[in-house]
Amino acid sequence: MKVLAIESSAVAASIAVAEDNQLICEYTTNYKKTHSQTLMPMIEEVCNMINLDLDELDVIAVSKGPGSFTGLRIGVATAKGLAHTLEIPIAGINTLDALAYNIGYTDRIICPLMDARRNQVYTGLYSYNGNDFINILPSTVVPIEEIIIEIKKLSRQVIFLGDGVAPNIDAIKNNFTHEEYVLAPLNNNVQRASSVAALGILYGTKGKTESYMNFKPIYLRKSQAEREYERKHNTCI
C-alpha cells in the first residue's frame, strides 16, 4: 500500500510518501509561511524527487485536527482534491495521535501538547502496550492544569512534546520533578507527515478510510469568527 501524507495542522508543513513498511520520502518545513503557499509546491517537489506518479497511490492520509483552523482547512482541501482526482480514499488521522506517534516504543506516558491559545492546549494521553499504540485519554482542549491532574492520576513518567510545551514549561516544571518527566528531542517535537503516513497505512490496511465527499476535519472548539458572532449577537450557533 502506497500513501501520500499531508500534515498542516500547525506552523509546520510536512509531506511524506510511504509504502508498506518503508518511508520513501519526507519533506518538512517549520517556518512561518502559509500552507497555501507551501503544500502544493512541496507535493510537486516530492513527486519529482522520487519519480512518483500520483496514480500509484492507494490512499491519501491527512492530519484532520485538532489544530489551526486555516491550516487544517488547507490540508483537508488539498487531500480531498487529490482523492477526488485520483479516485482513492482518504485516511483521516487525528493530529494528536500522529504527534504522539512520533515517539517510538516507550514505557512512559506520551502527552502531546499543541498550543490552542486562550491559555489552553489541545492534548491527549497515549501509551504502548507491547506493540499496540493505545489512546488513554481522547483528544480534548483544556487548560494545562487539567491535563497535569490527569497525568498525576496515572503515577507514571511522562514525555511531553509539541508546540504547547514552551508556553507551559513553567507549569510543567512546577508540577513534576526531573525524574517524573522528559521533553522530546527537537526531531520529534513537531508534527510530521511520516507519522501521518505510518498511521495512514495502518488505517488503510484495516479499511478505516472515507470518501472525499464524506471527509471532514475535527476542530474540538468553535472558530474565532463563530465565537465573535456569538458575542455580538448573544446567541449560540
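What follows draws every value from the coordinates through simple rules; no lab data is involved. Here the structure is a predicted model, which is why all the values come from computation and not from measurement. Please note: Cβ atoms are built from the backbone with ideal geometry, for glycine as well, and neighbour counts cover all protein chains shown.
At a glance:
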{"read-out": "Charge-dipole axis of segment 56-203 as Lys and Arg at +1 and Asp and Glu at -1 on Cβ define it, positive-most pick from Gly92, Val142, Ile60", "value": "Val142"}
{"read-out": "Whole-Å semi-axes of the ellipsoid equivalent to the chain (Cα gyration tensor, √5λ, descending)", "value": "29, 23, 16"}
{"read-out": "Potential extension, Ser36-Asn51 segment - 0.36 nm per residue separation minus Cα distance", "value": "3.1 nm"}
{"read-out": "Test item: Cα-centred dipole of segment 86-159, Lys/Arg +1 and Asp/Glu -1 on Cβ, debye", "value": "280 debye"}
{"read-out": "Length released on extending from Thr29 to Leu186, taking residue separation times 0.36 nm less the Cα-Cα span", "value": "55.2 nm"}
{"read-out": "Low-density loop positions, GluC sites (Glu not before Pro), segment 120-208 - DSSP coil, at most 11 other Cβ in 10 Å", "value": "Glu179"}
{"read-out": "Sequence ranges 92-104, 127-139, ranked by mean other-Cβ count within 10 angstrom, highest first", "value": "92-104, 127-139"}
{"read-out": "Listed residue pairs exceeding 28 Å between alpha carbons, taken from Lys152/Lys208; Lys32/Lys153; Lys33/Lys216", "value": "Lys152/Lys208; Lys32/Lys153"}
